[in-house]
Structure formats: C-alpha cells, structure tokens
Amino acid sequence: MADKDLSRRALLGAGATAFAAGTLSAPAVFAQPTTTLRCGFWDHWVPAGNGAIRELCAEWGQQNRVNVQVDFITSVGNQNLLTIAAQAQSRSGHDLLSFPTWEPAAKADLLEPVDDVMGRLIGKYGPVNDAAEYLGKIRGTWRAIPAVSGTQMKPACVRFDLMEQHAGIDIRAMWPAENRRGPGADSWNWDTFLAAAEKCHAAGVPFGMPMGSFTDAVDTTGAILASFGASMMDARGNVTVRGNAKLKTAVEYLVRLARFLPNDVWAWDDGANNRALISGRSALIFNPPSAWAVAKRDAPQVAEKCWTVPMPAGPEGRFVPYLPYFWGIWSFSRNKGPAKQLLEFLSERASAEKQTNTSNGYDIPPFSSMSDFPVWANEGPPVGTVYNYPLREHHNARASVAQAPAPAEFAVQAYQQALNTKVVARVNQGGETVDQALAWLERELNTIRRGG
C-alpha cells in the first residue's frame, strides 16, 4: 500500500512539473462536468442557423467538459425582449443571452464587462465596425460582444433587368462579383438614385422603400441622413436641428424621393418591401439576402434577376444600414468564465464562417477581415448575387445605425418613435413645409432629452 501511495504521489508530482513546463497540453477546463452553462440565443429566421449554433456549442462544451444548455428565443411578438426584461428584473435566468441592437446600452449596468474578450478578438482580426462599437461599447467599456448570428446589413437588392431596362443602369457592371469597382460605380450616388426612382416609378416598378415606423424604414432613412452628414442630436445629447443646413437638405431630398415610391409605403411593415420584390412589382429594395432567398424558393424567375449592391453615396460618404445582435453575459451569472470563453469561441473566424455559411450568407461578422468568406461569392442564382452584401474595402462605405451619434438612451427612443421617417411624412402626407416639420422634430427631440 505504501508503495502504491508513493507511486501515485510521484506520478502526480511529475504531472504537475510537466504541466508547469508546458510539456502537457489539454483543453481548458472551466467547470466540473456537471456544471451547466445556460445560453439563450436568438431564434434565427433561417432555420439552419440554429443548427450551426447548437453544433458549435456542443463542440465547445465537449472539449471543455461543460454541459452547454441552448435555448432559442424568438423575436416574434418581442419574446426575446420580454425574456431579457424578466431576467433583468429577477436577476436570474440564462448565463448569457442574445441582445438586439439597443439592449446592451439599456442593460449595461447588469452586463459583465467583456473588454478582455474583445481585446483578444480585435488583436487577432482587427477592429470591429464603428456602428458595432457605438452600440456595444458603453461609457468606454465593452458590455457585449458583437454577434455573428442574426446580424444583418441592408444594402440595395436590385432587379438588374428592370433597372437596366427602365433607368439605363447596368448595376452588375458597376458592382461586379469581384473585389473591384466597375464602370459607373463612382456615379452611384443619391442624384443618380433619384433619377432612377422616377423612371422606374413611371414604368410601374417603383422602388420598394418603406417610409413607416418599422425598422427597415428607420434604418434606410437613417443611412441616407448619415450620407448627407445630417444628424439630429450630437454625441453629448444636444439637439442639432435648428439651423442645420445639412439636415434640411437631406429631408428635402427624402421628400422628393418619396414622391416616386408606392403610395402606401407610409404603412409598410418590414415584410412589405420583401413582398414587393418577390412579386415582381419593384425594381429595388434595401434588405439583407432574406428577400432574395425567399424569392429563390417561391419565385425563382425573380431571384435569378436580383443583384445586391452597396447603398448610393451622399455628399458625406456611403453608409449602409446595420442591424446587429450582441452576445452578453449577465453580471449575476455564476459561470462568467466559461461564458466568456464560449462567446470567444463563437466569434473565432472558423466559427463565424460556419454560422455565415449555414445562414446562406445572411449573418455578418463584425470584423471587416471576415468579409472574404467564399459563401458570398458562391451563392446563387445568379452566382455572385450577394457578393457585395458585406462591407468590402472597395465599397468605401461605413456601417450606419439610425440616430447615431446621439447617446444610446436618447437614440433608442428616437429610433423606436421613427422620428426620421415621420418628419418626412409630415411634409408628404401632412402638408407641412420642411421648416414646420423640422420645428416639430426639434420639439420631439427636446422632449426625449428632458425625459418627457
């Protein structure tokens, strides 16, 4: 027995020495095999998207001896927002959750800082886009990790045949499925867009651009305002409407553009523009590839004539609407270490590519260095149709969040109230002058600022 004890102690001592010297390697173990890491992820619009997350979580859990419990929470009926609110109030629930665009700022005081994880990821892959940092880095601290799953851009999806027939624009020549600009790309600006909108409207295939209170309308309008340098509130929360020539110019442009859109766009929800494209009634919408993917299934004759291109440029540059998800860890989680490591694993290039591939290119990683995944070049028909969906260097574009750079607590209210589309509606639908509509906008923003 003494010999056996001595041998065991010698073996353990030798193992400890070898570990300290770095001669043994094994997966990092953060918890006992019986520990459960509870994860609540967004229930993906693309069904296979859930499968990628489930497989990645199972792979990481097996490697690290952690039982990863995965739940998928739908955004239908705002169930994800209700879940977040309930867990924040009860200080219990999942260890980590998927948080929609504005929620990291709203729940910042209840979220575990993730500067360490973001520091390592940025060190590997370069900086995330400005919009992701604006939403996820609150008061100088990363409170959530920009997610891959569920994050979308909203560039233009163009019926290239209708655009060429009625507006004389060869959009595929401008923006080929290659890492370069084509002939005419430098003229893809809002003046060109307005002229094309007028011609397609006259031909009975108007651009399907919502102007109501839903996210597609708010995001697109926000990107147009940004391209004119037209902010309504600055980063300190000061209202910047009065005497703002850039804002007035942008609103006047939107008023002119709206005259060439379908008459009912003021009531469109986020599905109406998709339906306009899929039915063949529209020559252009601003959307992620989901509308094209549905057309591929339900109206292949439409899908094969679609081509995704960047937003037109304005006087202050080119901006593309960005609607991200984030992964956050509750400060009351009992498993913060494993949660951080799992989220870092999900953000690695190989994991990100699996999520993007499984969602048919819908999911957008926050790192520009990951815009070269082959999926966007290979998807079709037609092959290359979504090549220009992610931001690429030759686009010379930036991600846009409507109502930025206002502080998040003010911006989210202006966003939810759709103030940017309502100011246009007050002119086109309400008969007000642009100056009257801007005076109304100033009053609304001051009310938000005062907390009214």
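Histogrammed with a bin width of 5 Å, the alpha carbon distances of region 152-194 distribute as 5, 20, 29, 30, 12, 3 percent, first bin at zero. Remark on ALA397: its backbone amide H falls under 5 Å from none of the residues 5 or more positions apart or on other chains, H modelled at 1.01 Å from N. Computed from backbone phi with θ = phi - 60° and the Karplus coefficients 6.51, -1.76 and 1.60, the 3J(HN,Hα) list for region 153-163 is 10, 10, x, 8, 9, 10, 6, 5, 5, 5, 5 Hz; x is used for glycine and proline.
Once the mean 1/r over all distinct Cα pairs of the chain is inverted, what Kirkwood radius in angstroms do you read off? So the Kirkwood estimate lands at 23.4 Å.
Residue-wise HN-Hα couplings along region 339-351, as the Karplus relation 6.51 cos²θ - 1.76 cosθ + 1.60 with θ = phi - 60° gives them from phi, are 4, 4, 5, 5, 5, 5, 4, 5, 8, 4, 4, 5, 5 Hz; Gly and Pro carry x. For LEU284, the amide hydrogen comes within under 5 Å of the amide hydrogens of ARG159, GLY208, counting only partners 5 or more places away or on other chains and with H modelled in the peptide plane.
Listed by chain and number, the lysines whose C-alpha is less than 22 Å from the C-alpha of LYS305, apart from same-chain residues fewer than 8 away, are LYS154, LYS199, LYS296. Going by Cα centres, region 207-224 and region 49-105 are how many Å apart? Using only Cα atoms to place each centre, the spacing works out to 29 Å. What does the charge add up to near THR240, with Lys and Arg as +1, Asp and Glu as -1, over the other residues with Cβ less than 12 Å from its Cβ? Result for the neighbourhood of THR240: +3.
Length available on full extension from ALA350 to ALA202: 0.36 nm per residue minus the Cα-Cα distance, which gives 48.5 nm. The label-point distance for GLN89 and GLU55, in a model that sets each label 7 Å from Cα toward Cβ, rounds to 3.9 nm. Using a simple spin-label model with pseudo-atoms 7 Å out from Cα toward Cβ, ASP191 and GLU432 lie 3.0 nm apart.
Given all pairs of different Cα atoms, what value in angstroms does the Kirkwood hydrodynamic radius of region 183-298 take? With all distinct Cα pairs of region 183-298 included, I get 15.3 Å. Per residue, the accessible area of region 371-452 comes to 43 Å² when a 1.4 Å probe rolls over the protein heavy atoms.
Starting from the Cα of SER371, move 7 Å in the Cα-to-Cβ direction to define the label point; list residues of region 299-335 whose amide nitrogen is under 20 Å from there. Under cut-off, by backbone N: 307-325. Note on region 132-185 and region 338-374: Cα centroid distance 18 Å, given to the nearest whole angstrom. Among residues other than GLU198 with Cβ under 14 Å from its Cβ, the summed charge is +2 (Lys and Arg +1, Asp and Glu -1). Quick one: net charge of ASP298's neighbours, Cβ under 15 Å, K/R +1, D/E -1? Residues near ASP298 contribute +4 overall. With a simple spin-label model that places each label point 7 Å from the Cα along the Cα-to-Cβ direction, the separation between LEU81 and ARG275 comes to 2.2 nm. Residues whose amide H comes within less than 5 Å of that of LEU37, counting only those at least five positions distant or on another chain, are ASN67, VAL68, GLN69 (H built at 1.01 Å from N in the peptide plane).
Couplings 3J(HN,Hα) for region 68-79, derived from phi with the Karplus relation 6.51 cos²θ - 1.76 cosθ + 1.60 (θ = phi - 60°), are 8, 9, 10, 10, 10, 10, 6, 8, 5, x, 6, 4 Hz, where x marks Gly and Pro.
On the chain, 50 percent of the accessible area sits on carbon and sulfur atoms, based on a 1.4 Å probe.
The values are calculated or read from the model by the stated rules, or taken from the named source; none is laboratory data. Computed from a predicted model, the values in this text were never measured in an experiment. When we count neighbours, we look across all protein chains shown, and the Cβ atoms used for this are built from the backbone with ideal geometry, even at glycine. For the accessible areas, the whole protein counts, side chains as well, though only heavy atoms, and no ligand, DNA or RNA atoms are used. Shrake-Rupley method; radii C 1.70, N 1.55, O 1.52, S 1.80 Å.
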